[in-house]
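The values are calculated or read from the model by the stated rules, or taken from the named source; none is laboratory data. Given the structure is predicted, the values throughout are model-derived calculations rather than measurements. Reconstructed Cβ throughout: ideal geometry from the backbone, glycine too, with neighbour counts over all protein chains shown.
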Amino acid sequence: MNGGRIGGKVLLAVVLLWTIVPLLWMLMSSLKPQEDITSTTPVLAFTPTLEHYKALFSGGNSIGSYAVNSILAAGISTLIAVGLGTLAGYGLARSNFRGKDHVAFWIISTRMAPIAAAVLPLFVIFRATHLLGTTWGLIVAYLSFNLPFAIWIMNAFFADLPPSLEEAALVDGASRWTAFRKIALPLVLPGVATTAILCLVFSWNDYAFASTFSGPDSQTLPIAASQLVTQTEIDWGQLTAIGTIVVAPMIVIGLIVRRWLVTGLTLGAVTGE
Amino acid sequence: MATAVERGSTAGTEQRAPARKENRFTFAGRMMAPALIVLALLSIFPFIYIVLMSLSRVGLIGGIDLHWAGLDNWSRLFSDESVGAAWVRSIVYFVLTVGLEMVLGIGIALLVHSLVWGKNLVLSLVLMPMFMAPAIVGLLGRFLTDSTYGLYAWVLRETGLYTGDILGSTTSAFIAVTLMDVWEWTPLIALIVLAGLSSLPKPVIEASRVDGATYWQRLRHIVLPMIAGVVIVALLVRSMDAIRYFDIIYNTTNGGPADATKIVPIRLYETAFRFFDLGYAAAIGLSMLAVSILLANLFMRTLRKRGLAK
Amino acid sequence: MAGAGGAALWLGGCGSSNSAKPVAGDEWKQFGGTTLNFISENTAPTSAIAANLKPFTELTGIEIKIVQLELAALVQKVALDFASGVGSYQIVYADPYQVLAPYHEALVDLNEMMQDPELPKLDDVGDFIPTQLDAAGRFVDKDKLYALPYDAPTMIWQYRKDLFEKHGDRIKQDLGFDPTPSDSSTWEQFYKTSKWFKDNAKDDVSYGHGHQAKQHDSLMNDFSNVLWAYGGDYFEDGDTVGRLGSSDPGEPILDSDEAIEAADFYRRLVSIAHPGSLGWDWDGLGAAFSAGQMAMAVNWHEFAAGNEESKVKGKVGYARLPRGPKRSANMYGGTGLGINATASERDQKAAYLFLNWATSKKTQLANLESDVGGGTPTRDSVYKLPEVEKAKEPPSKMPNILTADAVFEAWKPENIGLRPKIAAWNECDTAIFTQLSKMLAGQQGAEQCMSNTKDGFMQAIDNAAALRSA
């Protein structure tokens, strides 16, 4: 048993190292003076500087507006996706019509479309509806992969819920909507949290749609990152700084929600006995 | 997530209320309607359009023009060696990345699950990579493997393990982009599997421990079968994206060296937006969709067979 | 028309190079209140302009929104924009090979604008370096001008002057020729010199030279210099196909003996180069050279700015590329600014004001001096300005000008390297750099490589023709 435990600890250490080193290096590089970043021998001790972060927020291309666009596009799209997806997921889980499996499969298959092929028809739609280059256009574009995902995950969570509780409420005279809102929904909040965080992450990190559908006023943070790849160089200082800025909010939100998740799941396991 | 016990009770309940079926359907229908309408708008028109494009020659100057070309694009697709080669590479890349992610993800989930203290901290750390934008993972990977100032390149050089340019030779480049993908997405698998592990009924596990089963025996005969459903869900979630994502390769090797990392999505992007051969690109795209659907079908059927489909 | 007199007037305030242009009249202000979108690659002049748009806005009252993208992303957005008919980007960075050739019909013929009496006159068009005006601005038709030359990166020979001084005599003794770059230097000599550095100067540099040989456009750029030097070419009449472009270039001649010889030499050359070469595109090589890892590099002249900010500051010399049996060829990579023909007429005219200003002598000088970006002026007169002449010698306030003599040599019609300007170029480009990458990976020999490339070219031309036929 002891050998196993030591082996386990070594394994854990390796896993943590493998996971953390790139992120740590990214953070460190974003704080290093330029010469230390491009030195041929990795520099571990250096005087931290905020010059790269400052550079990002100054000049003609300040990332402030990019950040705002990212927040709006990802945030609003997530809200809509989670909202509509939770409703649809419940509807799907509690229904039993012929062809239900096919509908469920169709919903998932919409998320499988390769982006480069889907871009042109979406482009045509957006042009017709004047959504090109707008933040709302991005929100709608993100819905194309967030919505199916949300429906599917919420469907899984609702399907796991025994209908007996809702049935009991209905017998007591509650409406279907009340049964949903007061009984089913509170029990799947971990699912809502999971869905929300994953939708948020996928939208926030998207590059393909943003690159195609955004205009001068709606560019998002991943686009800002790619703009650091210039004709003559890649500004690693600013790039690692943007990388840190882009990932930080996601990590923070993810970790906050994660605790919710674990509590909710543990609770679920207990009530399932 | 649900256990086998719960699922049994669900099946029973549904049979008990046939009288409400009509109401249920309309209510459920109304719940689903908004989402499904939006989804239909965003997927049905594009799908039809892509099919039409694949049967046309698409001109871009002065507006988008579709000129009927019958099955030209499709016959070209099936005789195109370069696309065939790209598929082979895609399959290898898919099997390696998803395979490694599943194995490592399950392993990490088991590891974290077995921790007595520090579980939260370790979990937090382990999950971080999946929150990064794939495009930035690619760029970060490029930074780490750069032969002039990359940290990993330096370590490999100093330890004598590898002195060449990591992204400059075919095998090492392929391995590198595979590992970058594995680094980013293993946490997602670990998270899903961990959720499954966390909902395992403790009494059953305890009983087997009392019975004297070793760790590996418990793992093989009790734990793994019980989380099989969750594992397949994780596999499905990851596979759907693994076929289409190419951000990491795009930002590192962009298909090279010598086409070693040129998987189908890269070929698709190139055909659509570099060569502007949108009809052919539509055909390639539809073939990718077909493969994804086949794969998803396979997984769903497996789930259903085990009585775990929702 | 702001010739020598205007320049003198304006030079009086040398430091304040960003003050408004002293041209009288309202013609500049007629579109005040308009907002225009400018889509550009991440290139030095755009960075410089983006950092200081005030002069233009003060001059015209027009607001400019700038979107800078990687070239591939730019090509995608521009094509979609042309197709959409929306004209969201009125001012387009029209890469001659990836945007101008396939989409010249979507760009406005600037001659109309230039002849419009109500629009401000362009600084002397003859001031643009002639090869550049044709290469960046025209397609097939000599009478139509689609873009004004905006930047002009050109591949030249960059070498460590200090190391050549230190070892020059020994090299002369060992190899039998003076390695210092000159008009008579050949590629074979380049090869031998590089090998010498690699074998004998380990204390100073790890390798003799490096390439930008990633499976990328850069590989095509790099190889082309050698191809042309050895007498090979992409098509018959490469001069016209390269300079003006062609709608029907004929059959590729990449399987000629000269082309195969060039490919084989290139293979040998890369085999002794810094191993990182296979992973470097436009970016990595410059960084490695600036980090002092090699004695020479064939690289774009705009990297001089980076050199002068690194540890090799003051130690780098610049020259025209070596010659092969036929000539010395120096790949030209410049681009012009064009106007989107799908934009409204009013926007087009407003855009013309921006083109005028952005390619004017004043602005090009300002770009050179800007903190951001290095600038690569396309006007002859800029290079003749006294402070620019002064910057040719180190220490220089405009590091890119250290290369001025070398690039002026490179831009001469007999030395300039112009790749084919044809609608099918993107796919041809991919064909050649993929086959070259396979050759460099050891998967095929030179002859097979060139033969496959030729097949790829013909396939690409067929595909492009099929797409264009109604």
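C:PHE190 fails exactly one of the following numbered conditions: (1) assigned by TED's automatic domain parsing to the domain that holds C:THR46; (2) at pLDDT 95 or above. What is the number of that condition?
(1)
Any residue at all in the stretch A:108-121 that is more than 8 Å from chain B (Cβ to nearest Cβ) and among the hydroxyl-bearing types (Ser, Thr, Tyr)?
For the stretch A:108-121, residues more than 8 Å from chain B (Cβ to nearest Cβ) and among the hydroxyl-bearing types (Ser, Thr, Tyr): absent.
What residue, among those in the stretch C:378-401 that are without any contact (Cβ under 8 Å) to a residue 40 or more places away in the chain and among the acidic types (Asp, Glu), is surrounded by the most Cβ atoms within 10 Å (Cβ to Cβ)?
Top of the filtered list is C:GLU389.
Could you list, in sequence order, the residues of the stretch B:132-142 that are in contact with a Leu (Cβ under 9 Å, 6 or more places away or on another chain) and facing another protein chain (nearest Cβ under 7 Å)?
Filtering the stretch B:132-142 down to residues in contact with a Leu (Cβ under 9 Å, 6 or more places away or on another chain) leaves B:132-133, B:136, B:139-142.
Selection gives B:MET132, B:ALA133, B:ILE136, B:LEU139, B:LEU140.
Provide a single number: the residues in the stretch A:9-58 that are of a type in the set (Val, Ile, Thr) and more than 30 Å from B:GLY118 (Cα to Cα).
Residues flagged as of a type in the set (Val, Ile, Thr) and more than 30 Å from B:GLY118 (Cα to Cα) within the stretch A:9-58 amount to 7.
One line per residue, one yes/no per condition, for (1) buried (at least 20 other Cβ atoms within 10 Å of the Cβ); (2) of a type outside the set (A, V, I, L, M, F, W, C); (3) in the same structural domain as C:ALA259 (by TED's automatic domain parsing):
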| site | (1), (2), (3) |
| --- | --- |
| C:VAL270 | yes, no, yes |
| C:PRO275 | no, yes, yes |
| C:ALA291 | no, no, yes |
| C:ALA295 | yes, no, yes |
| C:PHE303 | yes, no, yes |
| C:GLU308 | yes, yes, yes |
| C:LEU321 | yes, no, yes |
| C:ALA358 | yes, no, no |
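Conditions: (1) in contact (Cβ under 8 Å) with a residue 40 or more places away in the chain; (2) crowded, with 19+ Cβ neighbours inside 10 Å. A:ASP217 meets all but one. Number of the miss?
Among (1) in contact (Cβ under 8 Å) with a residue 40 or more places away in the chain; (2) crowded, with 19+ Cβ neighbours inside 10 Å, A:ASP217 violates only (2).
Just give me the residues in the stretch C:132-185 being part of a strand (DSSP E or B) and under 22 Å from C:GLU414 (Cβ atoms), in sequence order.
C:PRO149, C:THR154, C:MET155, C:ILE156, C:TRP157, C:GLN158
Just to be sure I understand, how many residues within the stretch C:138-152 are among the basic types (Lys, Arg) and either more than 14 Å from C:MET113 (Cβ to Cβ) or under 21 Å from the mean Cα position of the chain (by Cα) (or both)?
Selection size over the stretch C:138-152: 2.
Among the residues of the stretch B:107-122 satisfying the criterion of being more than 7 Å from chain A (Cβ to nearest Cβ) and touching a residue at least 24 places away in the same chain (Cβ under 8 Å), which is farthest from A:VAL14 (Cα to Cα)?
B:HIS113
Out of the residues in the stretch C:99-116 meeting the condition of being within 22 Å of the chain's Cα centre (by Cα) and closer than 13 Å to C:ALA351 by Cβ, tell me which one is surrounded by the most Cβ atoms within 10 Å (Cβ to Cβ).
Of everything passing the filter in the stretch C:99-116, C:LEU107 is surrounded by the most Cβ atoms within 10 Å (Cβ to Cβ).
Can you tell me which of (1) away from chain B (no Cβ under 13 Å); (2) in contact with a Ser or Thr (Cβ under 8 Å, 6 or more places away or on another chain) is the one A:TRP136 doesn't meet?
Answer for A:TRP136: the failing condition is (2).
Would you be able to say whether some residue in the stretch B:284-295 is within 15 Å of the chain's Cα centre (by Cα), free of Cβ contacts under 8 Å to residues at least 24 places away in the same chain and over 21 Å from B:PRO46 (Cβ atoms)?
No - not one qualifying residue is present in the stretch B:284-295.
From the list B:THR145, B:THR97, which one is at pLDDT 90 or above and facing another protein chain (nearest Cβ under 9 Å)?
B:THR145
Go through the residues of the stretch A:82-95 one by one and say whether even a single one is hydrophobic (A, V, I, L, M, F, W, C), touching a Cys at 6+ places or on another chain (Cβ under 8 Å) and at negative phi.
Yes, the stretch A:82-95 contains at least one residue that is hydrophobic (A, V, I, L, M, F, W, C), touching a Cys at 6+ places or on another chain (Cβ under 8 Å) and at negative phi.
Can you tell which of C:THR35, C:THR43 is touching a residue at least 24 places away in the same chain (Cβ under 8 Å), more than 21 Å from C:GLY334 (Cβ to Cβ) and hydroxyl-bearing (Ser, Thr, Tyr)?
Of the residues listed, the single one that is touching a residue at least 24 places away in the same chain (Cβ under 8 Å), more than 21 Å from C:GLY334 (Cβ to Cβ) and hydroxyl-bearing (Ser, Thr, Tyr) is C:THR35.
Taking the stretch A:139-162, which residues are modelled with pLDDT under 85 and touching a Ser or Thr at 6+ places or on another chain (Cβ under 7 Å)?
A:ILE153, A:PRO162
Out of all the residues in the stretch B:154-178, which are more than 9 Å from chain C (Cβ to nearest Cβ) and free of Cβ contacts under 8 Å to residues at least 24 places away in the same chain?
Of everything in the stretch B:154-178, those that are more than 9 Å from chain C (Cβ to nearest Cβ) and free of Cβ contacts under 8 Å to residues at least 24 places away in the same chain turn out to be B:TRP154, B:VAL155, B:LEU156, B:ARG157, B:GLU158, B:THR159, B:GLY160, B:LEU161, B:TYR162, B:SER172, B:ILE175.
Quickly run through the stretch B:197-211 and pick out the residues that are within 9 Å of chain A (Cβ to nearest Cβ) and small (Gly, Ala, Ser).
Scanning the stretch B:197-211 gives B:SER198, B:SER199.
Name the single residue, out of those in the stretch C:323-356 being β-branched (Val, Ile, Thr) and within 19 Å of C:LEU122 (Cβ to Cβ), that is surrounded by the fewest Cβ atoms within 10 Å (Cβ to Cβ). Step through it out loud before you land on a result.
Initial filter on the stretch C:323-356 (β-branched (Val, Ile, Thr)): C:335, C:339, C:342.
Pick out the ones that are also within 19 Å of C:LEU122 (Cβ to Cβ) and you get C:335, C:339.
On the way: C:THR335: 31, C:ILE339: 29.
Selected residue: C:ILE339.
What pairs come out if I take residues in the stretch C:252-268 that are over 18 Å from C:TYR191 (Cα atoms) and pair them with residues that are among the hydroxyl-bearing types (Ser, Thr, Tyr) and surrounded by fewer than 18 Cβ atoms within 10 Å (Cβ to Cβ) whose C-beta lies under 6 Å away, six or more apart or interchain?
C:ASP255/C:SER451
So, restricting to helices (runs of 4 or more DSSP H) that lie completely within the stretch C:255-371, which ones have at least 3 residues that are away from chain B (no Cβ under 14 Å), charged (D, E, K, R) and more than 30 Å from C:ALA147 (Cα to Cα)?
Where helices (runs of 4 or more DSSP H) fall fully within the stretch C:255-371 and carry at least 3 residues being away from chain B (no Cβ under 14 Å), charged (D, E, K, R) and more than 30 Å from C:ALA147 (Cα to Cα), they are C:257-271.
Mind listing just one residue for me: the one in the stretch A:101-126 that is farther than 15 Å from B:MET32 by Cα and of a type in the set (Gly, Ala, Ser) and, of those, surrounded by the most Cβ atoms within 10 Å (Cβ to Cβ)?
It comes out as A:ALA117.
When both residues are 6+ apart or on different chains and their Cβ atoms are under 6 Å apart, which pairs have a first residue that lies in the stretch C:229-247 and is assigned by TED's automatic domain parsing to the domain that holds C:GLY324 and more than 11 Å from C:ALA259 (Cα to Cα), and a second that is in a loop (DSSP other than H, G, I, E, B) and of a type in the set (Phe, Trp, Tyr)?
Short answer, once both residue conditions are applied: C:GLY245/C:PHE139.
Restricting to the stretch A:1-56, give me the number of residues that are more than 10 Å from chain B (Cβ to nearest Cβ), hydroxyl-bearing (Ser, Thr, Tyr), assigned to a loop (DSSP other than H, G, I, E, B) and surrounded by 16 or more Cβ atoms within 10 Å (Cβ to Cβ).
The number of residues fulfilling the criteria is 0.
Quick one: is A:ALA225 within 30 Å of B:GLY150 (Cβ to Cβ) and either touching a residue at least 40 places away in the same chain (Cβ under 8 Å) or not assigned by TED's automatic domain parsing to the domain that holds A:PHE149 (or both)?
no
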